[in-house]
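S.K.: Just passing along the structure, written as structure tokens.
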Amino acid sequence: METGDQENTGPNTPQNDNDPSGNKKWYRQASQRLRFPDDSNVFPEESIHRTMLGRTMLGLNVGLTRNDRSEQDLDSYYIEGTHGARSDKRELGHRIFVNRSLHLENIKFYGFDMDYTLAEYKSPQYEQLGFNLLKDRLVSLGYPQEIKAFEYDPSFPVRGLWFDTLHGNLLKVDAYGNILVCVHGFEFLKHSQVYELYPNKFLQLDESRVYVLNTLFNLPETYLLAEKTGVKEGELTMSFKSIFQDVRNAVDWIHLHGDLKSKTIENLDEYVKKDERLPMFLTRIRESGARVFLLTNSDYVFTDKIMTYLFDFPHGARPDEPHRNWKTYFDTIVVDARKPLFFGEGTILRQVDTRTGALKLGTHKGPLHTGEVYSGGSCDVFTELIGAKGKDVLYVGDHIFGDILKSKKIKGWRTFLIVPELVQELHVWTDKCQLFAELQSLDVMLGEMYKNLDSSTKEKPDISKLRASIRDVTHKMDLAYGMMGSLFRSGSRQTFFSSQVVRYADLYAATFLNLIYYPFSYMFRAPAMLVSCYGVFGIHDLSKLYRDSHKSSLLRFQMPHESTVAHEQRFVMETPMISRSRTFKLVDEEEEHNRPSSKNLYVDHFNNQIPHARPETPRNVTHTHDEDCSDEDSDSQKQANQMRLSTRNANCN
């Protein structure tokens with residue numbers, strides 16, 4: 001039975017223990033009902049990015065997927081044994097993906113970047129504009145007029161590439177610097193060519209040699225670097241580093257002094273997306289009790305033009321409300337922030353005269369008022385003035401370094417990364433997922449080639465055809481995304497960009513407006529990320545363990561009319577290591593009270609004389625998983641602590 005085929009049953013409805021094929025299944029009623037399918041080829045929709053990275057929930061190839069035939073049936077789950085990702089009733093395009101658990105109820109401040117976050121620029125129109133302005137700037141610096149004939153191809157560049165200024169190559173690397181793809185100009189280098197330039201196909205991230213093209217603003221730059229590498233100017237051959245420095249300086253110039261902003265403002269409809277849900281969403285955040293701030297590197301004049309356009313609707317937050325100025329939707333507004341410097345030493349905090357756009361004299365030291373605009377400052381000063389603590393803040397931005405990495409690493413803000421490319425990534429993934437299944441099948445076949453072979457084996461399996469097939473399938477998968485492949489992976493290997501997303505972004509989605517589809521009390525729960533040794537137990541192994549012994553410590557849930565005691569499953573192995581495990585058995589209080597004591601009286605007396613002679617097995621939760629919980633004890637925890645203290649005092653008396 002596939003997702004959606006089961007009827008929506010109530011919590012007290014008895015379940016059939018057998019499916020039509022005779023396969024035994026167990027169910028738990030209501031919100032934690034589970035079933036164990038013996039065969040499933042369904043690809044889960046939630047956490048597709050995790051599947052692309054080859055990461056499985058619980059490290060056991062086990063995933064909880066919601067079985068929601070109707071919109072109301074949100075409580076039934078089934079365990080899926082292939083891809084390990086939990087499906088949600090929300091449409092794929094509406095979802096937010098989770099790297100670390102985050103409880104929206106704990107967020108008191110929602111911060112937003114503007115460029116490519118609140119204001120999403122249309123692709124490829126905006127990259128084309130930047131590319132044309134970049135060519136004009138290089139010609140003005142003395143480059144030949146012929147470069148104006150270059151045409152931008154959006155299918156080539158992808159975020160997260162490294163540019164090697166020594167050899168002039170664009171590199172797609174994994175999280176550790178291992179080279180996945182190497183391109184010189186528009187020529188994709190072969191393995192032998194890559195090995196000649198990079199021993200072991202590895203390059204260390206050295207800022208003096210490597211520049212990471214991490215942002216969406218880098219896409220025109222990426223394409224132009226590919227166009228220009230190796231160009232001869234008459235008798236003079238320019239070094240790749242010189243080309244890079246000229247292109248990099250030209251990019252900075254068109255953003256700070258050139259026509260990029262003025263051209264954008266002149267054609268807002270052509271370059272900027274507008275969504276009428278924006279005023280409503282920001283109002284909902286404030287109505288939930290949280291505060292909203294804007295923190296952008298753009299200057300006030302440009303910010304005002306863009307934000308006025310984004311809120312240019314005949315109505316306000318609701319159709320029956322009048323139009324309001326964009327500044328009324330924010331509690332605090334900061335422009336010219338100069339991130340990532342903002343998260344370090346920062347700059348002087350000054351107030352902006354909104355009538356002229358000029359900065360007022362002196363440093364602003366008073367409170368930050370709603371409706372006013374401020375320039376510069378630092379994170380320390382800003383958070384003190386608004387009364388925020390690190391994890392009170394959820395900051396939403398598109399810049400993996402300036403917005404996400406620094407705010408997370410330096411100040412501990414919760415982070416929400418905007419990845420507009422996810423729309424394309426998920427579309428291709430769902431359309432071409434059979435290629436990933438084929439790649440997994442080839443991996444299984446590769447394992448079968450070595451089955452029953454050990455160190456005494458003299459024969460060598462011929463895996464050349466399998467390796468060639470794996471390369472071919474990986475190549476097909478990459479080309480489905482574009483010339484440089486997926487933003488997140490190459491084959492089953494994670495890219496450098498993807499590793500940064502996983503490490504620094506608590507949440508990520510194609511647009512921040514996906515928060516509309518979640519309540520402000522929502523608990524974003526990240527699946528456990530365990531090491532591969534836990535993957536030796538597949539779902540069929542776990543099902544068999546439960547059927548045989550009913551003592552699985554890996555899956556604990558209440559069976560109808562059965563004990564709720566958590567039993568222990570022991571796996572015995574000879575080892576020179578001393579076991580550090582402690583078991584803790586929950587027993588009925590009356591049974592414990594009536595049980596005759598078998599302790600040695602002398603030992604009891606000895607232990608009473610010497611406190612903490614042996615560490616006591618904890619009776620309460622001591623290890624906190626990634627739950628994003630408050631530091632304060634829950635009510636049940638406080639009651640348990642009080643009862644334990646009373647018992648201890650009674651024993652002392």
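S.K.: If a paramagnetic tag sat 7 Å from the Cα of residue 453 along the Cα-Cβ line, which residues of segment 459-488 would have the backbone N under 11 Å from that point?
M.R.: Under 11 Å, as judged by backbone N against the label point of residue 453, lie 459-464 of segment 459-488.
S.K.: What is the extension gain from residue 324 to residue 239, computed as 0.36 nm multiplied by their sequence separation minus the C-alpha to C-alpha distance, in nm to one decimal?
M.R.: Gain on extension, residue 324 to residue 239, equals 25.2 nm.
S.K.: Cβ neighbours within 10 Å, averaged per peptide: list 90-97, 491-498 in order, most packed at the top.
M.R.: Highest to lowest by the protection proxy: 491-498, 90-97.
S.K.: In debye, nearest 20, what is the charge dipole magnitude of segment 240-342 about its Cα centre with +1 on Lys and Arg Cβ and -1 on Asp and Glu Cβ, if you could check?
M.R.: 400 debye
S.K.: Alpha carbon centre of segment 352-406 versus segment 147-190: separation in Å?
M.R.: Centre-to-centre distance over Cα atoms comes out at 36 Å.
S.K.: Can I ask one more? Rounded to the nearest Å, what's the spacing between the alpha carbon centres of segment 269-326 and segment 408-440? Just the number, please.
M.R.: A separation of 27 Å, based on Cα centres.
S.K.: I would also like to ask the following. Return the inverse of the average 1/r over all pairs of distinct C-alpha atoms in segment 254-313, which is the Kirkwood hydrodynamic radius, in Å to one decimal.
M.R.: 13.2 Å
S.K.: Using each residue's phi in segment 252-258, evaluate 6.51 cos²θ - 1.76 cosθ + 1.60 at θ = phi - 60° and report the 3J(HN,Hα) Karplus result to the nearest Hz, with x for Gly and Pro.
M.R.: Computed from phi, the couplings for segment 252-258 are 4, 5, 5, 7, 8, 10, x Hz.
S.K.: Moving to a separate point now. Expected output is a single nm value to one decimal: the length gained when fully extending between residue 122 and residue 493, i.e. 0.36 nm times separation in residues minus the C-alpha distance. What is it?
M.R.: This chain segment gains 130.6 nm when fully extended.
S.K.: So if R0 is 45 Å, what FRET efficiency would residue 353 and residue 249 give, r being the distance between their Cβ atoms, rounded to the nearest 0.05?
M.R.: 0.90
S.K.: Also, I was wondering about something else. Considering amide H positions built from the backbone, and no H for Pro or chain starts, which residues 5 or more places from residue 180, or on another chain, come under 5 Å of its amide H?
M.R.: Those lying under 5 Å, H to H, from residue 180 are 172, 173, 174.
S.K.: Moving to a separate point now. When ranked by the protection proxy of mean other Cβ atoms within 10 Å per residue, highest first, what sequence do the peptides 152-162, 408-418 form?
M.R.: Going by the mean number of other Cβ atoms within 10 Å, highest first, we get 408-418, 152-162.
S.K.: Okay, moving on. Need one number: nm distance between label points at residue 427 and residue 380, each 7 Å from Cα along Cα→Cβ, rounded to one decimal.
M.R.: With each label placed 7 Å out from Cα toward Cβ, I get 4.7 nm.
S.K.: Further question: For residue 369, project a label point 7 Å along Cα to C-beta. Then give me every residue of segment 299-336 with its amide nitrogen under 14 Å of that point.
M.R.: 332-333
S.K.: Show the residues, 5+ positions off or on another chain, whose built amide H is closer than 5 Å to the amide H of residue 316.
M.R.: Amide H neighbours of residue 316: 321, 323.
S.K.: 5 Å is the cut-off here: which amide hydrogens, built 1.01 Å from N in the peptide plane, fall below it relative to residue 378, excluding neighbours closer than 5 in sequence?
M.R.: 347
S.K.: What is the distance, in nm, between label points placed 7 Å from the Cα along the Cα-to-Cβ direction at residue 345 and at residue 516?
M.R.: 4.4 nm
S.K.: In sequence order, what are the phi-derived ³J(HN,Hα) couplings for segment 311-327 according to the Karplus relation 6.51 cos²θ - 1.76 cosθ + 1.60 with θ = phi - 60°, rounded to whole Hz, with x for glycine and proline?
M.R.: 3J(HN,Hα) across segment 311-327, in whole Hz: 9, 7, 10, x, 10, x, 5, 10, x, 8, 9, x, 5, 10, 5, 4, 5.
S.K.: Using the Karplus curve 6.51 cos²θ - 1.76 cosθ + 1.60 with θ = phi - 60°, work out ³J(HN,Hα) for each residue of segment 98-110 in order, rounded to whole Hz, and write x for Gly and Pro.
M.R.: Computed from phi, the couplings for segment 98-110 are 10, 9, 9, 4, 8, 9, 4, 4, 8, 7, 9, 9, 10 Hz.
S.K.: While we're looking at this one, here's another question. Where Rh is the Kirkwood radius over the Cα pairs of segment 138-296, the temperature 10 °C and the viscosity 1.306 mPa s, what D in µm²/s does Stokes-Einstein return?
M.R.: For these conditions, the coefficient is 86 µm²/s.
S.K.: Relative to the present Cα-Cα distance, how much length would full extension add between residue 475 and residue 265 at 0.36 nm per residue of separation?
M.R.: This chain segment gains 71.5 nm when fully extended.
Laboratory data are not the source of any read-out in this text; all were calculated from the coordinates shown. These numbers were taken from a predicted model, which means no experiment stands behind them. Methodologically, a virtual Cβ is constructed for each residue, glycine included, from the backbone with ideal geometry; neighbour enumeration extends over all protein chains shown.
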